[in-house]
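Q: Next up is a structure, given as structure tokens.
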Number of protein chains: 2
Amino acid sequence: MESLIATEALGALAQITRLEVFRLLVRHEPNGLAAGEIARQLDVPANTMSTHLATLSRAGLLTSERHSRSIVYHANVATLRELMLFLARDCCGGNEELCAPLVAQLSC
Amino acid sequence: MESLIATEALGALAQITRLEVFRLLVRHEPNGLAAGEIARQLDVPANTMSTHLATLSRAGLLTSERHSRSIVYHANVATLRELMLFLARDCCGGNEELCAPLVAQLSC
DNA sequence: TCCATGATTCGACTACTATCGAACTATTGG
DNA sequence: CCAATAGTTCGATAGTAGTCGAATCATGGA
């Protein structure tokens, strides 16, 4: 991942509603969640939610598939992983040992 | 770290100049870099850079200390680490095993 | 085909963000 | 104290982002 792409992903997550959408969708993997259901659960109008979903999709953080009348969205965890690797490279790039505590804590 | 704090850090990094500032400062740890030198290296006017530095500082991503006439800025890697842990929790929260490849690659 | 449902797009409005010239503040050497 | 240097703050401007009512598009059942 490269700086300009990274800023798009960071920008997509830098908004409280969109961040909550992504977290919600991660929790609902691997089934995904329909657009309307996302809007309902986060109490946001459908059209507003639609623009947020488009922003997240453009950043590569969501995928979607039509399922009859619904459009089901999925969190694309691979992009989050790439973003984190990009950030981690910043962190480790200067000081290798600074990352050790991170890796340790990441063992969930 | 909590959602609202995370969005502030994400927003601070979601701008190409500020992202480059942070990366530059990580590379210059532990000495840090003076505001003017940062502006010069990234070819940005001093006042514009000053507002970006303020944004990053407000998000807890930078620290600073006056050193005679200069103000020296440092990357606060601890905040980046917290941010990454916040994002990782999203990732692992739903699917524990999704994080394994991340941790593996993070061994720099 | 017609209607109901689920979702997106349009249009308008408000609010925020980035930028930069100019003015201001702080520190130090002469 | 004065001038020079290093940074920040102010003010104006242009562009971008978030919100939501209304209109539109797509799908499937009667």
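Q: How far apart, in nm, are the 7 Å Cα→Cβ label points at A:GLU65 and B:VAL44?
A: According to this spin-label approximation, the distance is 4.2 nm.
Q: OK, next. Along Cα→Cβ at 7 Å, what distances in nm separate the B:ALA54 label point from those on the other copies, shortest first?
A: Going from nearest to farthest copy, the values are 3.4 nm.
Q: In addition: In Å², rounded to the nearest 100, what is the total accessible surface buried by chains B and A against each other with a 1.4 Å probe? Show your work: numbers first, answer last.
A: On the way: alone 6970 and 6970 Å², together 10320 Å².
Looking at B and A, the buried total is near 3600 Å².
Q: Kindly write out, for the range B:83-90 in residue order, the coupling ³J(HN,Hα) from the Karplus curve 6.51 cos²θ - 1.76 cosθ + 1.60 (θ = phi - 60°), rounded to whole Hz, with x marking Gly and Pro.
A: 4, 5, 5, 4, 5, 5, 4, 4
Q: What GluC sites (Glu not before Pro) in the range A:1-68 are in a loop by DSSP, with at most 11 other Cβ atoms within 10 Å of the Cβ? Intermediate results must be reported in sequence, preceding the final value.
A: On the way: sites: A:GLU2, A:GLU8, A:GLU20, A:GLU37, A:GLU65; in loops: A:GLU2.
Sites meeting the loop and neighbour criteria: A:GLU2.
Q: Shifting gears a bit: When each copy gets a label point 7 Å from Cα toward the beta-carbon at B:LEU42, what are the spacings between them in nm, shortest first?
A: From this label point to the equivalent ones elsewhere in the assembly: 2.8 nm.
The values are calculated or read from the model by the stated rules, or taken from the named source; none is laboratory data. All values derive from a computational prediction rather than experimental measurement. In this analysis, Cβ positions are derived from the backbone assuming ideal geometry, glycine residues included, and neighbour counts consider all displayed protein chains. Areas reflect the complete protein model, heavy atoms only, side chains present, ligands, DNA and RNA absent. Shrake-Rupley method; radii C 1.70, N 1.55, O 1.52, S 1.80 Å.
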